[in-house]
Ligand code: SF4
């Protein structure tokens with residue numbers, strides 16, 4: 001990193017083609033996932049319905065482990081060998097899907113995902129030992145609707161609520177998770193409550209489709225099972241609130257609201273938000289906040305120097321950060337092409353956004369596997385439409 005030189009300012013020379021656009025429209029229906037986003041921020045919810053936004057989101061290997069666990073449990077393997085094959089096939093499918101994603105491809109080695117081997121081992125053991133009783137295969141008398149299902153698309157509330165419960169039968173609805181939150185985490189309670197909220201909506205979907213389940217369960221790969229009786233009035237209230245949230249978001253879009261009107265930025269709302277980089281409201285909020293604004297801070301600044309490195313992977317950019325965040329002087333940031341992409345072609349003067357960074361002990365930023373960096377002129381613009 002000692003070798004530092006200045007490269008010609010490509011920012012001035014580069015002709016920026018039309019920036020990509022993310023079109024945000026009213027949504028036809030809500031879902032447990034959309035409702036979870038909407039409770040935090042309507043803009044976040046609206047972005048989650050826009051397909052074009054997916055390419056700018058770093059997804060989580062933790063969620064992929066949950067998906068693989070669910071596939072494994074749905075397969076109900078008879079022995080460890082079969083379970084291993086099901087697991088490995090599910091992971092291979094997830095890797096194939098992520099390999100073409102500009103941000104997710106950094107996770108090409110599952111053995112480097114946090115807790116991968118532990119979750120794999122526990123998931124296989126849980127699937128073979130059978131932490132769940134066998135699901136009922138019975139049909140309701142005279143009905144055509146199934147009373148059990150895995151990832152079946154169900155709708156309720158005149159089609160305004162939709163979702164795919166991981167698994168249900170006539171007694172229960174089950175959500176599979178790769179792990180339960182560590183009770184020592186400050187967010188553990190709200191994370192677990194979010195899972196119950198999801199299950200309340202699934203119970204409504206099942207209840208309106210077939211029969212109300214009596215019990216809701218969260219099953220972790222460790223074999224841990226959380227169980228609650230289904231409280232029908234609470235489920236109905238949750239569904240009413242989710243549909244009201246959908247209507248409010250659509251009404252706001254129909255009246256021409258943009259990011260400033262829809263967004264409710266804040267430490268909790270934005271902290272884990274996948275859309276920070278492309279969210280105008282987030283960057284306006286950052287300007288008003290003291291540093292660091294989040295546990296995983298975000299920063300915006302201009303490239304002052306580039307060190308391309310010597311091994312073809314590690315390189316560094318020095319950023320002059322905007323506003324009060326820049327008071328600490330230029331920020332050298334070590335990056336990896338294989339993880340963060342290559343900013344060396346942006347040139348001096350290019351405006352950069354850094355999101356989900358880590359804070360070093362000396363108060364400076366560092367980039368890790370969850371950090372994303374973007375040149376601003378490549379980022380998409382949000383386009384709000386009044387109708388679908
Ligand atoms: S970054 Fe914050 S304001 Fe923007 S969409 Fe996410 S939660 Fe909303």
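Values quoted throughout were computed directly from the atomic coordinates according to the rules given, and no laboratory measurement underlies them. Remember, predicted model here, so these are calculated numbers, not experimental data. Glycine gets a Cβ as well: all are built from the backbone with ideal geometry, and neighbour counts include every protein chain shown.
For the pair residue 310 and residue 129, the difference between a 0.36 nm per residue extended length and the Cα-Cα distance amounts to 60.1 nm. If you wrap the tightest convex hull around every Cα atom of the stretch 221-310 and split its volume per residue, you get 219 Å³.
Dividing the Cα radius of gyration of the stretch 154-248 by 2.2 N^0.38 Å, with N the residue count, gives 1.09.
Taking the longest Cα principal axis of the chain as reference, the axis of helix 80-99 is set at about 40 degrees.
With both residues required to sit in the chain, DSSP beta bridges show an antiparallel share near 75%. For the chain, the longest principal axis of the alpha carbon atoms and the long axis of helix 61-75 meet at an angle near 20°. FRET efficiency for the residue 244 to residue 359 pair, using the beta carbon distance and R₀ = 51 Å, is estimated at 0.85. Its alpha carbons give the stretch 208-366 an Rg and a Dmax of 22.3, 64 Å.
Once the Cα atoms are used to define both axes, helix 232-254 deviates from the longest principal axis of the chain by about 40 degrees.
Can you quote the Å³ per residue value for the convex hull of the Cα atoms in the chain, rounded to an integer?
Details: hull volume 60.9 nm³, N = 388.
Roughly 157 Å³ of hull volume per residue.
At 0.36 nm per residue, minus the direct Cα-Cα distance, what do residue 118 and residue 337 gain on full extension? Give it in nm, one decimal, please. Result for the pair: 76.0 nm of gain on full extension. For residue 23 and residue 151, the difference between the fully extended length at 0.36 nm per residue and the C-alpha to C-alpha distance is 43.3 nm. Here the Kirkwood formula puts the hydrodynamic radius of the stretch 47-129 at 13.5 Å, using every distinct Cα pair. Using the Stokes-Einstein relation with a Kirkwood hydrodynamic radius computed over Cα pairs, the translational diffusion coefficient of the stretch 281-365 at 20 °C and a viscosity of 1.002 mPa s comes to 161 µm²/s.
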